Amino acid sequence: MKEFVLISFLLIGLSLTGQNKYHIKGTIDKEYNGRDIMLFKFCGDSIVSVDTTRIKDTKFYFSGLEDLSDISLVTTG
């Protein structure tokens, strides 16, 4: 049984490494420094929060697993 669990985790790890990742780097006006910026995606009739980061020195960055079937939005609120 332990071997099955170990193999399952290895297969899950291998399948995740085969997926593409997105990287979003951006700059924004200095008046937004210190504020949060959020990444959302549209899922049918809903909007789902994907990630939040803080703006520092006019820069922000998001990364994660790519899902080309979704339309996304970046907003400061």
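Would you mind stating whether Lys41 is over 15 Å from the mean Cα position of the chain (by Cα) and closer than 18 Å to His23 by Cβ? Criteria not met by Lys41.
Every residue, every condition in (1) at pLDDT 90 or above; (2) open to solvent by less than 100 Å² (accessible area, probe 1.4 Å); (3) of a type in the set (A, V, I, L, M, F, W, C), yes or no:
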site	(1), (2), (3)
Phe4	no, no, yes
Gln19	no, yes, no
Lys41	no, yes, no
Val50	no, yes, yes
Ile55	yes, yes, yes
Leu65	no, yes, yes
Asp70	no, yes, no
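Name the single residue that is farthest from Ile37 (Cα to Cα) among those in segment 47-66 being in a strand (DSSP E or B) and of a type in the set (A, V, I, L, M). Ranking the candidates gives Leu65 first.
For segment 23-39, the set of residues classified as touching a strand residue (DSSP E or B) at 6+ places or on another chain (Cβ under 6 Å) and surrounded by 12 or more Cβ atoms within 10 Å (Cβ to Cβ) consists of Ile24, Gly26, Asp36, Ile37, Met38, Leu39, listed by residue number.
Mind listing whichever residues of segment 30-63 are touching a residue at least 24 places away in the same chain (Cβ under 8 Å), β-branched (Val, Ile, Thr) and within 14 Å of Thr76 (Cβ to Cβ)? Scanning segment 30-63 gives Ile37, Ile55, Thr58. Anything in segment 52-69 that is more than 12 Å from the chain's Cα centre (by Cα) and not basic (Lys, Arg)? List them, or say none. Listed by number, the residues that qualify are Ile55, Asp57, Thr58, Phe60, Leu68, Ser69.
The values are calculated or read from the model by the stated rules, or taken from the named source; none is laboratory data. Note that the structure is a prediction, hence the values are computed from the model and not measured. Note that we place each Cβ from the backbone using ideal geometry, even for glycine, and neighbour counts take in every protein chain shown. SASA here: full protein model, heavy atoms, side chains in, ligands and nucleic acids out. Shrake-Rupley method; radii C 1.70, N 1.55, O 1.52, S 1.80 Å.
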